[in-house]
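Report on one structure; see the data block that follows.
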Amino acid sequence: MLGRLNHVAIAVPDLEAATKSYRNTLGATVSAPKDMPEHGVTVVFVELENTKIELLQPLGENSPIQGFVDKNVSGGMHHICYEVDDLAAARDQLTADGARVLGSGEPKIGAHGKPVLFLHPKDFSGTLIELEQT
Ligand code: CO
């Protein structure tokens, strides 16, 4: 089911400061910030040779990552995104195996304009998993 690692996401309290650390201190290429109100986050992508790092900052009153940032005041690893060929087939197989898909179970359009789903961290070693159809 799993394809390539698409990105690792880090939730941060201050996206501008995090962008500066990656761009200036680590010398990485970082994209311009993008507001995603339907996901309650503002994102930038750090482009690496073999993958991407997604830096997320809460956006709006009901951001789903606000609680995480409140608990992890310096920021922290939030989720891992794996690529799949067929998101609907992956979801059906996962739910048949007893894994929990977050939200309605219907894919949303993610930060790259492609359909995504999230899987419950308690079912996968304490890690929130995002699946992206590529
Ligand atoms: Co992501």
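Would you pick out the residues in region 21-32 that are in a helix (DSSP H, G or I), touching a strand residue (DSSP E or B) at 6+ places or on another chain (Cβ under 9 Å) and within 18 Å of residue 76 (Cβ to Cβ)?
Answer for region 21-32, where residues must be in a helix (DSSP H, G or I), touching a strand residue (DSSP E or B) at 6+ places or on another chain (Cβ under 9 Å) and within 18 Å of residue 76 (Cβ to Cβ): just 22.
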Legend entry - Scan of region 68-90 for residues that are of a type in the set (A, V, I, L, M) and within 11 Å of the ligand (Cβ to nearest atom), ordered by number: 80
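With the structure loaded, tell me whether residue 68 is surrounded by 14 or more Cβ atoms within 10 Å (Cβ to Cβ) and assigned to a helix (DSSP H, G or I) or whether it fails that test. Let's see the steps before the verdict.
Numbers: surrounded by 14 or more Cβ atoms within 10 Å (Cβ to Cβ): yes; assigned to a helix (DSSP H, G or I): yes.
Taking the combined requirement at face value, the residue satisfies it.
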Legend entry - Residue selected from region 83-107 under the condition charged (D, E, K, R) and surrounded by fewer than 14 Cβ atoms within 10 Å (Cβ to Cβ), by the criterion nearest to residue 36 (Cα to Cα): 106
Inset, instruction - Could you grab me the full set of residues in region 108-125 that are farther than 22 Å from residue 36 by Cα and loosely packed, with under 13 Cβ neighbours inside 10 Å? - result: 122, 125
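Any chance you could count how many residues in region 48-65 are small (Gly, Ala, Ser) and surrounded by 19 or more Cβ atoms within 10 Å (Cβ to Cβ)?
Of all residues in region 48-65, those small (Gly, Ala, Ser) come to 60, 63.
Among the residues that remain, those that are also surrounded by 19 or more Cβ atoms within 10 Å (Cβ to Cβ) are: 63.
Summing the residues that are small (Gly, Ala, Ser) and surrounded by 19 or more Cβ atoms within 10 Å (Cβ to Cβ) in region 48-65 gives 1.
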Legend entry - Where residue 57 falls short, out of the listed (1) modelled with pLDDT under 95; (2) in contact with a Ser or Thr (Cβ under 7 Å, 6 or more places away or on another chain); (3) not hydroxyl-bearing (Ser, Thr, Tyr): (1)
Inset, instruction - Considering each residue of region 92-134, count those that are touching a helix residue (DSSP H, G or I) at 6+ places or on another chain (Cβ under 7 Å) and either within 16 Å of the ligand (Cβ to nearest atom) or within 15 Å of residue 81 (Cβ to Cβ) (or both), and give that number. - result: 9
Inset, instruction - Report yes if some residue within region 5-14 is over 19 Å from residue 118 (Cα atoms), away from the ligand (no atom under 15 Å from the Cβ) and either at pLDDT below 95 or among the hydroxyl-bearing types (Ser, Thr, Tyr) (or both); otherwise report no. - result: no
Legend entry - region 25-47 residues that are surrounded by fewer than 19 Cβ atoms within 10 Å (Cβ to Cβ), paired with ones that are of a type in the set (Phe, Trp, Tyr) and in a strand (DSSP E or B) (beta carbon under 8 Å, 6 or more apart): 31/45
Inset, instruction - Go through the residues of region 33-55 one by one and say whether even a single one is of a type in the set (Gly, Ala, Ser) and either in contact with a strand residue (DSSP E or B) (Cβ under 6 Å, 6 or more places away or on another chain) or under 21 Å from residue 84 (Cβ atoms) (or both). - result: no
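The values are calculated or read from the model by the stated rules, or taken from the named source; none is laboratory data. Bear in mind that the values here come from a model prediction, so they are computed numbers and not experimental data. Glycine gets a Cβ as well: all are built from the backbone with ideal geometry, and neighbour counts include every protein chain shown.
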